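*Asks:* So that we are looking at the same thing, I have put the structure below in structure tokens.
The numbers here are math on the coordinates, done by the rules we state, and not lab data. Worth saying up front: this structure is predicted, and the values here are computed from it rather than measured. Positions of Cβ are backbone-derived with ideal geometry, glycine not excepted, and every protein chain shown enters the neighbour counts.
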Amino acid sequence: MALTSFVLYGIGVILLINSGYSSYEHRQLSKTLLHSRHFPLPLDVKMEAVVGCVLVLIGAIISIQPNQTHVVDVASGSVVEGYTEEALRPIDMGKATIRQEAMGTSDYAQIENRPGYIDIRARRKEYQEWLATEKK
Amino acid sequence: MSLERLLEIHRSGLYATLPLHQIDSVYTLTKATLLTQLSDFERFTLLELQFYLTLTMGLDIEAKHCLDLICDRFDITKSERICVLKSVYVEATTGSTLREVSDGLVKDAKELVRLSNIAKSSMGGKLNIMQDLMAVTKRVVALHHEDVKEYTEKLALFLDLQPLDTESWYEMSEVYLANGNTDQAIHCLSEILLTEPFAYNVWSRIGEVQLMTGFKTSDSQRFEEAKRHFARSCELCETYHRGWLGLLESAKRLGDKKLVELSRTQLDKIVSGKLTSAENIDKISQILAN
């Protein structure tokens, strides 16, 4: 996939540069030789520019990759298998949240965790008690 | 990768409910990450996270160091957020009563308001603690959690001022639930859904409250309601373990064999594909084994 889009980018850019240079040459020529008459840009130069643009666009679309498959579990830090979805599909809420669930978090976790209402004294006590049982 | 993880812990407020055995590893990671090249935003976000973690672990000197670093950058007479942080520090490390902590916080906030009003008097427009310093007001409410009656009144008053504060609605519902007022608790949770209709954890939570009430009263209507809410949360997140577990339980009570089968297959899929965090997988396997 990456190689195809790279080749397409290359060909597209070469075509664009070539058509640009051709139109420049054509302009120079019409200035020196035919300055009194209307002298339109040849069709092949125009077509070359259009084809170059289209190739670059196709290359860009092909290069879009789906999301990474591995995500990190937020609380424990272990790497877990995420959910791979095909790129360039309409985003479905039910599927988009799968990745967050694999991470052990969600966009709405803050509502439940309530950091604004943290009871720091109780937390400290819990931690000390846990530490004491852990040491035994 | 670790930086994003820490920022996510801060953003989701997970540090307030992080399992105790994981606090130490997150703390070590934060400490190491703080030594690397960070932008200002990342540095002070991590410092705030570190502040809460060290306070929880009882490392008061380090917590004070974090607070000082934040204070040096953002003046306490200009930031209500630092007033709040300071009050958390005072609450955790001193033996003073919560009322004294709250008085100290209000004093800091008044000073902030006074200085800012002097600066702003030429431009017009003045600050007011109750209407403009919402973080301080919320923290003052939170400091009243010892007396249930007063706490409920204060929360209600605050929610009149700030009806879109989902965190406070959730806190209110927990207070009601602890006192057995399930219908009020469900009402508070429904208020969250008005603001955040896609909050699937809240949909699940309503289902859980309905389920609990159903166990107590053996009212099949409650199980029906629970099923509806769990189903919505599963619709919003296809691998949401709490949603599927609740759906399994309410389907069992309602005697809906097809739904039981469906939830079981889905839960098996979640466990075998490791589509949720390790702790949740343990929980699911235990329940499925029974």
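*Asks:* Over chain A, with a Gaussian network built from C-alpha contacts below 10 Å, which listed residue (A:Tyr24, A:Tyr117, A:Tyr108) shows the highest mean-square fluctuation?
*Replies:* A:Tyr117
*Asks:* So if we plug the beta-carbon distance of A:Val51 and A:Ala87 into 1/(1 + (r/R0)^6) with R0 = 30 Å, what FRET efficiency do we get, rounded to 0.05?
*Replies:* 0.75
*Asks:* Within 10 Å, count the other beta carbons around each residue, average over each peptide in A:94-103, B:171-180, B:148-157, and list them highest first.
*Replies:* Values: A:94-103: 20.4, B:171-180: 18.4, B:148-157: 14.9.
Going from most to least packed, we get A:94-103, B:171-180, B:148-157.
*Asks:* For chain B, place one equal point scatterer on every Cα, skip the solvent, and apply the Debye formula. What is log10 of I(q)/I(0) at q = 0.15 Å⁻¹?
*Replies:* So the normalised log intensities are -1.27.
*Asks:* I've got another one for you. Using all alpha carbons of the range A:70-135, what is the percent of pairwise distances in each 5 Å bin, ordered from the shortest bin to the longest?
*Replies:* 4, 14, 15, 15, 16, 14, 10, 6, 4, 3, 1
*Asks:* First select every other residue whose beta carbon is under 10 angstrom from the beta carbon of A:Ser23; then total the charges, Lys and Arg +1, Asp and Glu -1. Before the final figure, lay out each step's value.
*Replies:* Details: positive: A:Arg27, A:Lys46; negative: A:Glu25, A:Glu48.
Result for the local shell: 0.
*Asks:* Let's test the formula: R0 of 22 Å, r as the Cβ-Cβ distance of A:Arg121 and B:Gln22. What FRET efficiency results, to the nearest 0.05? Please list the in-between numbers first.
*Replies:* Values: r = 20 Å, r/R0 = 0.93.
Efficiency computed from Cβ-Cβ geometry: 0.60.
*Asks:* Still on this model: By Kyte-Doolittle mean hydropathy of at least 1.6 and Cα axial length of at least 15 Å, which whole DSSP H helices of chain A are selected?
*Replies:* A:43-62
*Asks:* Take each complete run of DSSP H in chain B, measure how far its Cα atoms stretch along the helix's own axis, and keep only those covering 15 Å or more with mean Kyte-Doolittle hydropathy at least -0.5; list them. Write out the running numbers ahead of the final one.
*Replies:* Details: long enough: B:20-34 (22 Å, 0.24); B:40-57 (25 Å, 0.41); B:60-73 (20 Å, -0.16); B:80-93 (20 Å, 0.50); B:98-120 (32 Å, -0.19); B:148-161 (20 Å, 0.26); B:166-178 (18 Å, -0.35); B:182-195 (21 Å, 0.63); B:200-217 (26 Å, -0.15); B:220-236 (25 Å, -1.22); B:241-254 (20 Å, -0.36); B:257-273 (24 Å, -0.30); B:278-289 (16 Å, 0.18).
Result, helices passing both filters: B:20-34, B:40-57, B:60-73, B:80-93, B:98-120, B:148-161, B:166-178, B:182-195, B:200-217, B:241-254, B:257-273, B:278-289.
*Asks:* Once you sort the root eigenvalues of the Cα gyration tensor of the range B:27-175 as a ≥ b ≥ c, which label holds: rounded (a/c under 1.5), prolate (a/b larger than b/c) or oblate (the other case)?
*Replies:* Numbers: a/c = 1.76, a/b = 1.21, b/c = 1.46.
Because a/c hits 1.5 or more and a/b fails to exceed b/c, the range B:27-175 counts as oblate.
*Asks:* Right, here's the next one. Cα to Cα, under 14 Å, and not fewer than 8 places away if on the same chain: which aspartates and glutamates meet these conditions relative to B:Lys107?
*Replies:* By straight Cα distance, B:Lys107 reaches B:Glu80.
*Asks:* Which net charge results for the neighbourhood of B:Met212, defined as the other residues with beta-carbon distances under 11 angstrom from its beta-carbon, given Lys and Arg at +1 and Asp and Glu at -1? All intermediate terms of the calculation are to be shown ahead of the outcome.
*Replies:* Values: positive: B:Arg205, B:Lys216, B:Arg222; negative: B:Glu208, B:Glu249.
Every neighbour counted, the sum reads +1.
*Asks:* Just tell me which lysines come within less than 18 Å, Cα to Cα, of A:Lys135; anything on the same chain fewer than 8 places away is out.
*Replies:* Straight-line reach from A:Lys135, under 18 Å: A:Lys125.
*Asks:* For the protein assembly as shown, build the charge dipole from Cβ charges (+1 Lys, Arg; -1 Asp, Glu) around the Cα centre, then report which of B:Thr152, A:Ile61, B:Leu262 sits farthest towards its positive end.
*Replies:* A:Ile61
*Asks:* Turning to a different aspect of this structure: Please tell me the relative contact order of the range A:2-62 in percent, rounded to the nearest whole number, where contacts are Cα pairs under 8 Å and at least six residues apart.
*Replies:* On the way: 45 pairs, mean separation 39.7, N = 61.
With pairs under 8 Å counted, the relative contact order is 65 percent.
*Asks:* Give me the dipole magnitude in Debye, nearest 20, for the range B:1-73 about the Cα centre, with unit charges on the beta carbon: positive for Lys and Arg, negative for Asp and Glu. Present the calculation step by step, with values, prior to reporting the outcome.
*Replies:* Values: 6 positive and 10 negative charges, 17 e Å.
About 80 debye.
*Asks:* Ignoring everything except DSSP H segments at least 4 long, calculate the 222 nm mean residue ellipticity for chain B; use -39,500 (n - 2.57) per segment, divide by total residues, nearest 500.
*Replies:* Numbers: 16 runs with 226 residues, N = 290.
About -25000 deg cm²/dmol.
*Asks:* About the Cα centre of chain B, how large is the charge dipole given +1 on each Lys and Arg Cβ and -1 on each Asp and Glu Cβ? Please answer in debye to the nearest 20. Working shown, then result.
*Replies:* Working: 34 positive and 42 negative charges, 86 e Å.
My answer is approximately 420 debye.
*Asks:* I've got another one for you. If I take R0 = 41 Å and measure r between the Cβ atoms of A:Ile11 and B:Leu35 in this structure, what FRET efficiency does the formula 1/(1 + (r/R0)^6) give, to the nearest 0.05?
*Replies:* Details: r = 47 Å, r/R0 = 1.15.
E(calc), rounded to 0.05, equals 0.30.
*Asks:* May I pose another question? Report the local net charge at B:Glu224: Lys and Arg +1, Asp and Glu -1, summed over other residues whose C-beta lies under 14 Å from its C-beta. Display every interim value, and only then the final one.
*Replies:* Working: positive: B:Arg222, B:Lys227, B:Arg228, B:Arg232, B:Lys252, B:Arg253; negative: B:Asp219, B:Glu225, B:Glu249, B:Asp256.
Local charge sum for B:Glu224: +2.
*Asks:* Percent relative contact order of chain B, based on C-alpha pairs within less than 8 angstrom and at least six residues apart?
*Replies:* Values: 281 pairs, mean separation 22.0, N = 290.
Once divided by the residue count of chain B, the mean separation gives 8 percent.
*Asks:* Stokes-Einstein diffusion coefficient for the range B:1-73 at 37 °C in a medium of 0.692 mPa s, Rh from the Kirkwood formula over Cα pairs: what value in µm²/s?
*Replies:* 270
*Asks:* Ok, one more. Subtract the Cα-Cα distance of A:Ala2 and A:Leu33 from 0.36 nm times their separation in residues, and report this length gain in nm to one decimal. Walk me through the numbers on the way to the answer.
*Replies:* Values: separation 31, 0.36 × 31 = 11.16 nm, distance 4.62 nm.
In short, 6.5 nm is gained.
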